[in-house]
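*Asks:* The structure is given below, and queries will be raised subsequently.
The values are calculated or read from the model by the stated rules, or taken from the named source; none is laboratory data. This structure is a prediction, so every number in the text was calculated from the model and none was measured. No Cβ is skipped: glycine too gets one built from the backbone with ideal geometry, and neighbour counts run over all protein chains shown. What goes into the accessible areas is simple: the full protein's heavy atoms, side chains included, and nothing from ligands, DNA or RNA. Shrake-Rupley method; radii C 1.70, N 1.55, O 1.52, S 1.80 Å.
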Amino acid sequence: MTNTNLDENPLLEPWTGPFEAPPFDRIEPGHFRPAFDAALKDARREVDAIAANPAPPTFANTIEALERSGRSLDRVGGVFFNLTGAATNDELQAIEREIAPVLARHRNDIYLNEALFKRIDALKAEEDGLGLSAEQARVLERYHLNFTRAGAGAQPDAKARLAAIGERLATLAAEFGQNVLADEKAWLMLLDEEDLEGLPDFYRASAARIASERGHPERFAVTLSRSSIEPFLQFSARRDLREAAFRAWEARGENGGATDNRAIAAEMVRLRAERARLLGYESYAHYRLADTMAKTPGAALDLLESVWAPGVSSALKEQEALQAIIAGEGGNFKVAPWDWRYLAEKRRKAEFDFDEGELKPYLQLDRMIEAAFYAASRLFGLGFEERFDLKLYDPDVRAWAVSRRDGSPIALFIGDYFARPSKRSGAWMSNFRAQQKLDGLQLPIVVNVMNFAKGAEGEASLLSLADARTLFHEFGHALHGMLSDVTYPLISGTRVAGDFVEFPSQLYEQWIKEPEMLRRFALHYKTGEPMPEALIAKLTSARRFNQGWATVEYTASALVDLKLHLDPSPADVDVVAFERQELARIGTPDAIAMRHRAPHFQHIFSGGYSAAYYSYLWSEVLDADGFEAFEEAGDIFDAEVAHRLHDFVYAAGGSRDYDAAYRGFRGRSPSPAALFRKRGFEAGRE
Ligand SMILES: [Zn+2]
């Protein structure tokens with residue numbers, strides 16, 4: 001950038017605006033590299049001083065000092081990685097590829113630092129005499145574990161290899177994500193009026209908007225964003241177009257050429273296995289799961305397999321019903337993956353007398369945001385005030401000041417709801433700054449990023465039911481970050497085990513399905529009328545509809561992920577062949593595709609869910625069982641249950657053992673029976 005004045009780098013100055021939020025209007029791509037370099041230098045100096053301290057180790061001069069180190073790096077990284085996910089460009093992508101191994105090296109320099117580990121190890125050995133609070137003991141334990149798991153106790157040549165592996169994996173993960181985004185950006189299906197058969201008005205309107213934004217006025221466009229392609233597959237009566245779109249969606253990361261992810265995925269699987277071996281674990285999955293609630297791959301597999309058989313058997317029954325629809329219409333083809341959503345929609349119409357198209361006019365984005373806030377006010381006494389004075393990174397991004405009932409501020413919440421080509425697909429929650437109070441209270445800045453389709457100009461943006469649930473899901477994560485009430489950054493908010501972190505988010509999804517919430521917030525975008533009672537009743541009775549399909553598409557991905565990482569020495573794994581064999585071995589119905597195929601499985605190759613995609617199901621045991629606590633109390637906002645949920649879960653971060661946290665909330669351990677009920681399977685059948 002020619003106009004970047006590096007002497008005045010807003011990333012390195014104190015942020016003095018409201019909530020000390022990043023001054024996005026002044027930040028340019030050219031600021032990042034120098035800011036990273038300066039912040040890394042500071043962080044290195046801070047850590048070196050702790051390691052070289054001649055005084056004997058104490059909790060304060062070692063653990064607390066580590067907790068205070070690297071703040072400026074966190075700040076720069078917080079802005080950078082949020083932008084590379086939600087509003088990236090060529091310049092940011094180039095910096096991302098360049099900085100990923102540098103940051104991995106920095107991490108290695110800390111976690112493989114012998115002198116530092118000796119201090120932590122000494123503290124751990126004399127822990128009982130240190131007079132630590134419960135939270136401090138937990139933080140010390142986590143530090144010791146994190147260092148050990150990174151290889152702090154390993155031999156020097158093993159350490160060197162671990163460091164090299166860490167850097168390489170960071171580079172590969174960045175490339176993997178960028179390749180998926182490139183494939184998504186490169187594909188656009190343009191349609192004309194005569195191609196729109198079956199598509200409801202709301203879809204036509206948003207497809208017209210996408211086309212005109214991409215320079216094709218008077219036409220309609222489908223993209224590979226979930227919010228565009230899923231409803232297309234659900235409603236388009238044109239089987240040929242559905243197939244073309246589905247095949248492009250499925251082929252992301254597997255198109256040959258510069259953006260093909262197969263070799264990257266194979267190398268990552270190989271390096272992860274090598275890392276695990278160097279650290280003394282049987283496989284990467286064993287290594288990864290040792291620090292989770294599940295603890296072993298066996299426990300995760302047991303859970304996945306317990307839903308697999310009933311899931312497949314329900315799915316096959318569903319498939320028969322879909323096949324009957326085809327026959328009834330005189331068709332003579334077998335249900336294919338690009339038919340399932342479309343036919344399921346017809347079946348729902350026939351069996352429950354409603355379709356998504358009927359629902360959608362009642363699910364306005366703005367009302368659903370209000371609904372998510374309302375539930376938080378009823379459960380946790382929070383208030384939300386939109387702020388228009390903050391300069392954010394895109395004109396569509398919004399922000400709210402969040403406070404407790406007594407008016408005390410707790411967080412800044414940023415909502416970034418619409419799909420755009422510069423955003424990676426999916427939905428997520430992230431922090432610009434995490435809560436902590438080591439040196440006085442630091443308020444969190446939390447962001448939710450979605451990929452919803454924007455409504456036509458001047459009209460409300462309408463969500464599908466799945467979108468509304470996603471909004472609640474991510475807002476559940478946001479609450480976990482915003483309600484966090486811990487002293488130490490290491491265990492703040494969502495910094496918990498991967499199979500526990502989906503509990504607060506999935507639990508929150510449950511509220512939007514409740515009639516009480518729909519009556520209040522599902523208002524027709526044109527008339528303002530609430531959703532008719534009859535429609536709410538149909539919706540409730542259709543809750544378990546298509547659950548076989550949903551279970552199969554998710555569980556197939558989770559099983560492939562786990563099995564891929566269970567191989568102790570995958571020499572030259574062909575991830576696509578592996579996937580095919582595994583799906584055949586477990587008897588996956590041909591008509592159902594995996595939710596995420598390996599070449600574009602960002603959760604496991606560029607997110608934090610490697611060998612841990614099972615986490616969603618693990619957490620579902622908790623959320624299904626946990627929500628029943630409210631149902632048992634006879635009130636979905638029961639104050640006493642909400643109070644325990646707040647204290648033991650949403651405010652607790654990683655300060656407690658997760659099983660103990662759940663028992664504190666629920667009064668007992670979770671039972672998987674509720675999960676089976678929720679999915680409409682008979683408990684304990686397989
Ligand atoms: Zn989640």
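*Asks:* Let me check I have the definition right: for the range 151-292, take the eigenvalues of the Cα gyration tensor, multiply each by 5, take square roots. What are those semi-axes in whole Å, largest first?
*Replies:* Values: eigenvalues 398, 44, 29 Å².
Result for the range 151-292: semi-axes of 45, 15, 12 Å.
*Asks:* Starting with the highest mean, order 590-600, 407-417 by the number of other Cβ atoms within 10 Å, averaged over the residues of each peptide.
*Replies:* Those peptides, ordered most packed to least, come out 590-600, 407-417.
*Asks:* Another question, if that's okay. Place a label point 7 angstrom from the Cα of R97 along the Cα-to-Cβ direction, then list the residues of the range 138-172 whose backbone nitrogen is under 20 Å away.
*Replies:* The answer is 165-172.
*Asks:* Using alpha carbons only, how many degrees (0 to 90, rounded to 10) separate the axis of helix 337-352 from the longest principal axis of the chain?
*Replies:* 60 degrees
*Asks:* Oh, and also: Using Cα atoms only, what is the angle between the long axis of helix 114-125 and the major principal axis of the chain, expressed in degrees (0 to 90) to the nearest 10?
*Replies:* 90 degrees
*Asks:* Kindly write out, for the range 462-476 in residue order, the coupling ³J(HN,Hα) from the Karplus curve 6.51 cos²θ - 1.76 cosθ + 1.60 (θ = phi - 60°), rounded to whole Hz, with x marking Gly and Pro.
*Replies:* Each residue of the range 462-476 in turn: 9, 9, 8, 5, 5, 4, 4, 5, 4, 4, 5, 4, 5, 5, x Hz.
*Asks:* Subtract the Cα-Cα distance of H524 and T540 from 0.36 nm times their separation in residues, and report this length gain in nm to one decimal.
*Replies:* Values: separation 16, 0.36 × 16 = 5.76 nm, distance 1.85 nm.
Value of the extension gain: 3.9 nm.
*Asks:* Sticking with this one: Give a residue-ordered list of calculated ³J(HN,Hα) values for the range 606-616 (Karplus: 6.51 cos²θ - 1.76 cosθ + 1.60, θ = phi - 60°; whole Hz; x for Gly, Pro).
*Replies:* Whole-Hz 3J(HN,Hα) from phi for the range 606-616: 9, x, x, 10, 4, 6, 9, 5, 4, 3, 4.
*Asks:* Taking θ = phi - 60°, what integer Hz values does the Karplus form 6.51 cos²θ - 1.76 cosθ + 1.60 yield along the range 368-380, in sequence order, with x for Gly and Pro?
*Replies:* 6, 4, 4, 5, 5, 5, 4, 4, 5, 6, 5, 7, 10
*Asks:* Let me ask something else. Taking each pair of distinct Cα atoms in the range 391-506 once, what is the resulting Kirkwood hydrodynamic radius in Å? Don't skip to the answer; put the middle values down first.
*Replies:* Details: mean 1/r = 0.0658 Å⁻¹.
Its Kirkwood hydrodynamic radius stands at 15.2 Å.
*Asks:* Quick one: ranking E533, E141, E509 by accessible area, 1.4 Å probe, largest first, what do you get? Before the final figure, lay out each step's value.
*Replies:* Working: E533 95, E141 75, E509 25 Å².
Per-residue accessible area, sorted high to low, gives E533, E141, E509.
*Asks:* Would you work out which of A39, S541, L359 lies farthest towards the positive end of the dipole of the chain? Charges go on Cβ: Lys and Arg +1, Asp and Glu -1.
*Replies:* A39
*Asks:* Another question, then. Looking at P670, H603, I636, which one has the Cα that reaches farthest to the positive end of the dipole of the range 597-679 (charges on Cβ: Lys, Arg +1; Asp, Glu -1)?
*Replies:* Of P670, H603, I636, it is H603.
*Asks:* Would you mind computing Rg(Cα) / (2.2 N^0.38 Å) for the range 303-363, counting N as its residues?
*Replies:* Details: Rg = 13.8 Å, N = 61, 2.2 N^0.38 = 10.5 Å.
Computed over Cα atoms of the range 303-363, the ratio equals 1.32.
*Asks:* Take peptides 615-623, 640-648, 225-233 and line them up by average Cβ neighbours within 10 Å, highest first, as a rough protection proxy. Present the calculation step by step, with values, prior to reporting the outcome.
*Replies:* Numbers: 615-623: 24.6, 640-648: 17.4, 225-233: 22.4.
Those peptides, ordered most packed to least, come out 615-623, 225-233, 640-648.
*Asks:* Mind putting together the pair-distance distribution for the range 434-493? All Cα pairs, 10 Å bins, whole percent per bin, short to long.
*Replies:* P(r) over the range 434-493, rounded to whole percents: 22, 34, 23, 15, 5.
*Asks:* Looking at V560, S464, V575, which one has the Cα that reaches farthest to the positive end of the dipole of the range 457-594 (charges on Cβ: Lys, Arg +1; Asp, Glu -1)?
*Replies:* So the residue furthest toward the plus end is S464.
*Asks:* Given R₀ = 30 Å, FRET efficiency for A466-D157 by Cβ-Cβ distance, to 0.05? Mind showing how you got there, number by number?
*Replies:* Numbers: r = 50 Å, r/R0 = 1.66.
Efficiency, rounded to the nearest 0.05: 0.05.
*Asks:* Could you list the square roots of 5 times each eigenvalue of the Cα gyration tensor of the range 518-631, that is, the equivalent ellipsoid semi-axes, sorted largest first and rounded to whole Å?
*Replies:* Numbers: eigenvalues 276, 53, 41 Å².
One finds semi-axes of 37, 16, 14 Å for the range 518-631.
*Asks:* Here's a follow-up. Roughly how far apart, in whole Å, are the Cα centres of the range 332-354 and the range 190-260?
*Replies:* 19 Å
*Asks:* What FRET efficiency comes out for the pair R45/A324, r = Cβ-Cβ distance, R0 = 56 Å, nearest 0.05?
*Replies:* For R45 and A324, the calculated efficiency is 0.20.
*Asks:* I want to verify the translational diffusion coefficient of the range 316-406 in µm²/s; compute it with Stokes-Einstein, Rh as the Kirkwood radius over Cα pairs, at 4 °C and 1.567 mPa s.
*Replies:* Answer from the Stokes-Einstein relation: 75 µm²/s.
*Asks:* May I ask you to order 196-207, 151-162 by the average number of other C-beta atoms within 10 Å around their residues, highest value first? If you can, show how the numbers build up before the last one.
*Replies:* Working: 196-207: 19.2, 151-162: 16.0.
Highest-to-lowest ranking by the protection proxy: 196-207, 151-162.
*Asks:* Let me ask something else. Charges only on Cβ, +1 for Lys and Arg, -1 for Asp and Glu: so what's the dipole of the chain about the Cα centre, in debye to the nearest 20?
*Replies:* So the magnitude is around 760 debye.
*Asks:* Given 37 °C and 0.692 mPa s, how large is the Stokes-Einstein diffusion coefficient of the chain in µm²/s, with Rh as the Kirkwood radius over Cα pairs? Intermediate results must be reported in sequence, preceding the final value.
*Replies:* Values: Rh = 26.4 Å.
Translational D for this selection: 124 µm²/s.
*Asks:* If the only charges are +1 at each Lys and Arg Cβ and -1 at each Asp and Glu Cβ, what is the size of the charge dipole of the range 231-371 around the Cα centre, to the nearest 20 debye?
*Replies:* 360 debye
*Asks:* Magnitude of the Cβ-charge dipole of the range 384-485, K/R +1 and D/E -1, about the Cα centre, nearest 20 debye?
*Replies:* Value, rounded to 20: 240 debye.
*Asks:* Okay, next question. Give the long-range amide H neighbours of S492: residues separated by 5 or more places, or on another chain, with amide H under 5 Å away, using H modelled in the peptide plane at 1.01 Å from N.
*Replies:* G654
*Asks:* So how compact is the range 599-686: Cα radius of gyration and Dmax in angstrom?
*Replies:* When restricted to Cα atoms, the range 599-686 yields Rg and Dmax of 15.2, 46 Å.
*Asks:* Relative to the compact-globule scaling 2.2 N^0.38 Å, provide the ratio for the alpha-carbon radius of gyration of the range 62-123.
*Replies:* Working: Rg = 14.9 Å, N = 62, 2.2 N^0.38 = 10.6 Å.
Computed over Cα atoms of the range 62-123, the ratio equals 1.42.
*Asks:* Let me ask something else about it. Expressed in whole Å with the largest first, what are the equivalent ellipsoid semi-axes of the range 238-368 derived from the C-alpha gyration tensor as the square root of 5 times each eigenvalue? Intermediate results must be reported in sequence, preceding the final value.
*Replies:* Values: eigenvalues 300, 96, 66 Å².
Equivalent ellipsoid of the range 238-368: 39, 22, 18 Å, largest first.
*Asks:* If you take the square roots of the eigenvalues of the alpha-carbon gyration tensor of the range 140-188 and sort them as a ≥ b ≥ c, do you get rounded (a/c under 1.5), prolate (a/b over b/c) or oblate?
*Replies:* oblate
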